[in-house]
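The values are calculated or read from the model by the stated rules, or taken from the named source; none is laboratory data. Because the structure is a prediction, the values reported are computed rather than measured. Cβ placement follows ideal geometry from the backbone for every residue including glycine, while neighbour counts extend to all protein chains displayed.
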Amino acid sequence: MEKIKLKIANAIKNAVNCEISLDSIISKIEVPKDKKNGDFAYPCFNLAKVLKNSPMNIANDISNNIVKDDMFEKIEVVNGFLNFYIDNNNIVKSTLTKIIDEKENYGKEVGNENINIIVEYSSPNIAKPFHLGHFRNTILGKAIYNLYKTLGYNVIALNHLGDWGRQFGLLIEGYKRYKDEFDIEKSPLEALLQIYVKISKLAKEDENIIEIARDNFKKLEQGDKELLEIWKFFKDVSLKEYNRIYEMLDIKFDSFNGEYFYNDKMDEVIDILEKKKVLIDSQGAKVVDVGENMPPCIILKSNGSTIYATRDLAAILYRARTYDFDKCIYVTATEQILHFKQIFEVAKYLVDEKYQKGLVHVSYGMIRLKTGKMSTREGNVVYANELIKEAIKKAKNIIINKNPNLENIDNVAKQVGLGALIFNYLKSSKNKDIIFDLDETLRFDGETGPYVQYTYARINSILNKLNFQINNVDIKSINFDCLEKNEEVELVKKLSKYNEMINKSMSEYEPAILARYLIDVATLFSKFYNECSVISSKDEDVKFARCILVYATGIVIKNGLSILGIDTPNRM
């Protein structure tokens, strides 16, 4: 698809009588919604001022001057647009040949390996069970990581643990008071959550508890051995539980350096801001003015304690020096939009412009319960671990009913159950709030992960029945002209857009683009298979060409789901 756009752009550039870059032409090339208007369209309105002529006349002149190519079936001028109709045989042959040649590498790119991309994601607050909010963050971050990795970038995955802050002063106080009331050894994170809920309720009734919590945290920052030991226990039991979930999701991080890691690196941030004379007093606190449209960014509280922003600024300084990043992408909820606007503005005083401009906040909507917003403080959350177990259990029951003799049923149930959850949260735009509904999440029909996975399993079944072996294929011997039915051509055209969809998903930090594309591929495959006989085709040339199309569709689905972090069972 990108090669076709490039060819169109070159044809236009060579035909137009003015200086215009290929990139600017490519950026304007569109795919018409109505197929009657061609496969690609180029609007000539942007050339009107330069050429001092009407878009219609410009389009006619370009059309007359374009050197016709075998790729173009025809070129039409309609209302100032150049509509390009691509020769179907050409696109079918070039697309399927490319997929067969590249296989698992189809869609991948090279040449970006010297560009360093940091993706900070998951980043749960320790001493709390992994809940649905963490789950959405984690799968979104992993998908963004995979998109950049697929396109050849050097990607660093960071898990910036929420392991520091005043809340630990509060939790420590609760732990001291209530630890004997809960079975911490059996379920440490659930026990710590219950302790946190209980001490939080007490703090609402007794303001002294807040003061004690603040004092506890100040002692933590000063290195109190007893409190640090309790805090370290919180962190150890948390990581043990989180790593169990990460392993299930096949996620690995290059660093787990959380907020505590930057505890001894904040003084430098404060010194730099003071030397640049941007740190000012405000009601006893130290702040940086970040413009009229935002409140000032607090660096030091009135009691001398640092806050979340101070540690994030220290992290920016450290990452610039350590990773020399081109982009540092933060995946967090929309609630933190203001926070990141503030620290990105302050960062210009700490790092070079390259790093400050490379800071990106990818926000996502909240997952809400039917009863309202989730809150660990109120104790109304859905734990990811329980949800995953239930999804796998339900997947297993469905598979047993459909295919009781399936081998490795437990492994397939795990792949399908996790796939259902991951796909459900990635197919929606990241900025959309989601009302959590377990029954809806675990549906196995319609626009779901299992539907796309089943399409892949169905593809394997078809190829197995035909004893199709790709290693025995001589691509030059295939008569691609046989693939001329509308269902065949439309499916191939959709497959040709795979790399374009990956790039678009990456540039917009939006895995939903790729997820929705895979639904379209699965839907078009179903239409093709229903209308075009593969197994029972009597024409051997047609049967073989369709086998190639079936195989190529499987490659795209497998590669695409892999980017989203979803496995593809060979049988379901």
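Does ILE212 qualify as being part of a helix (DSSP H, G or I) and more than 30 Å from ASP567 (Cα to Cα)?
On the way: part of a helix (DSSP H, G or I): yes; more than 30 Å from ASP567 (Cα to Cα): yes.
Here the answer is yes, as ILE212 does meet what is asked.
Only one of (1) assigned to a strand (DSSP E or B); (2) surrounded by fewer than 16 Cβ atoms within 10 Å (Cβ to Cβ); (3) in the same structural domain as ARG368 (by TED's automatic domain parsing) fails for ILE280. Which number is that?
Answer for ILE280: the failing condition is (3).
Identify, from the list TYR456, TYR425, the residue that is touching a Gly at 6+ places or on another chain (Cβ under 8 Å) and crowded, with 19+ Cβ neighbours inside 10 Å.
Going through TYR456, TYR425 in turn, the sole match is TYR456.
Look through the range 301-325, keep the residues that are in contact with a Gly (Cβ under 9 Å, 6 or more places away or on another chain) and outside any helix (DSSP H, G or I), and return whichever of them is nearest to GLN167 (Cα to Cα).
ILE307
Within the set of pairs 6+ apart or on separate chains, which have a first residue in the range 412-426 that is free of Cβ contacts under 8 Å to residues at least 12 places away in the same chain and under 17 Å from HIS131 (Cβ atoms), a second that is surrounded by 24 or more Cβ atoms within 10 Å (Cβ to Cβ) and of a type in the set (A, V, I, L, M, F, W, C), and C-beta atoms under 7 Å apart?
none
Here is a check on your reading of the model: is VAL269 outside the structural domain of HIS134 (by TED's automatic domain parsing), assigned to a loop (DSSP other than H, G, I, E, B) and within 13 Å of TYR349 (Cα to Cα)?
No: the conditions fail for VAL269.
Could you say which residue among ILE12, ILE4 is modelled with pLDDT of 85 or more, surrounded by 15 or more Cβ atoms within 10 Å (Cβ to Cβ) and hydrophobic (A, V, I, L, M, F, W, C)?
Sole residue among the options that is modelled with pLDDT of 85 or more, surrounded by 15 or more Cβ atoms within 10 Å (Cβ to Cβ) and hydrophobic (A, V, I, L, M, F, W, C): ILE12.
Given the criterion at pLDDT 90 or above and closer than 28 Å to GLU490 by Cα, identify the matching residue among VAL67, VAL77.
VAL77
Here's the yes/no breakdown for (1) in a helix (DSSP H, G or I); (2) buried (at least 18 other Cβ atoms within 10 Å of the Cβ):
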{"site": "ILE502", "(1), (2)": "yes, yes"}
{"site": "ASP520", "(1), (2)": "yes, no"}
{"site": "VAL534", "(1), (2)": "no, yes"}
{"site": "ARG546", "(1), (2)": "yes, yes"}
{"site": "ILE555", "(1), (2)": "yes, yes"}
{"site": "LEU561", "(1), (2)": "yes, yes"}
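Inside the range 223-238, can you point out the residues that are surrounded by 12 or more Cβ atoms within 10 Å (Cβ to Cβ) and not in a helix (DSSP H, G or I)?
ASP224
Let me spell it out: the conditions are (1) of a type in the set (A, V, I, L, M); (2) modelled with pLDDT under 95; (3) out of contact with any Asp or Glu (no Cβ under 9 Å at 6 or more places or on another chain); (4) within 18 Å of ASN243 (Cβ to Cβ), and LEU193 meets all of them except one. Which number is the exception?
(4)
Which one of these is farther than 30 Å from ILE195 by Cβ and assigned to a loop (DSSP other than H, G, I, E, B): GLU76, GLU102, GLU109? Explain how you work it out, then say what you get.
Values: GLU76 fails: assigned to a loop (DSSP other than H, G, I, E, B); GLU102 fails: assigned to a loop (DSSP other than H, G, I, E, B).
Among GLU76, GLU102, GLU109, only GLU109 is farther than 30 Å from ILE195 by Cβ and assigned to a loop (DSSP other than H, G, I, E, B).
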